[in-house]
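The structure appears right after this line, and notes come after that.
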Amino acid sequence: MNIISRIMGVDKTPEDKYKYIWFTMGTACFALATLVMTIVISRFLGEAKAGMFSIGLSIAQWLVTIAYFEIRTYQVTDVKNEYPFGYYFTLRLISGKHSIRCIKRLQSGESYCYIACMYL
């Protein structure tokens, strides 16, 4: 048993190791794609449009974090199957609904005054 298995208190199979590696690689690719998009847009469209894109991208990533809520990470690491799939699915629906509500508030302009006053 290696040190990670001892710390987590479970026996890991080789498939679990590959799941972790694939998840890490996917997260790294997402971060790299965000960096490349920002660089390309700033080079081709200029500073003003790149600034608008950066603000929109940061808000979108914040809302994706709320909607996604990294539930897949918890589900993959639940090797003892302590929680059924319905638990994770319900949590995903709740976090997605909350994210959509945030998007609607931002579109309606309700949050604009709060955000503008925060940075003045």
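Which residue pairs have Cβ atoms closer than 7 Å, lie 6 or more positions apart in sequence or on different chains, and pair a first residue in the stretch 93-106 that is surrounded by 14 or more Cβ atoms within 10 Å (Cβ to Cβ) with a second residue that is assigned to a helix (DSSP H, G or I) and of a type in the set (Gly, Ala, Ser)?
Pairs that qualify, where the first residue is surrounded by 14 or more Cβ atoms within 10 Å (Cβ to Cβ) and the partner is assigned to a helix (DSSP H, G or I) and of a type in the set (Gly, Ala, Ser), are Ser95/Ala67; Gly96/Ala67; Ser99/Ala67.
Filter the stretch 60-112 for residues that are more than 23 Å from Thr38 (Cβ to Cβ), assigned to a helix (DSSP H, G or I) and among the hydrophobic types (A, V, I, L, M, F, W, C) and give the result.
Ile71, Val76, Phe85, Phe89, Leu91, Leu93, Ile94, Ile100
What number of residues within the stretch 5-29 satisfy the criterion of being modelled with pLDDT under 85, hydrophobic (A, V, I, L, M, F, W, C) and assigned to a helix (DSSP H, G or I)?
5
Can you tell me which condition Asn81 does not meet? The list is (1) on the phi < 0 side of the Ramachandran plot; (2) free of Cβ contacts under 8 Å to residues at least 60 places away in the same chain, and all the others hold.
Result: Asn81 passes all but (1).
The values are calculated or read from the model by the stated rules, or taken from the named source; none is laboratory data. Owing to the predicted nature of the structure, the values given are computational and were not obtained by experimental measurement. Glycine gets a Cβ as well: all are built from the backbone with ideal geometry, and neighbour counts include every protein chain shown.
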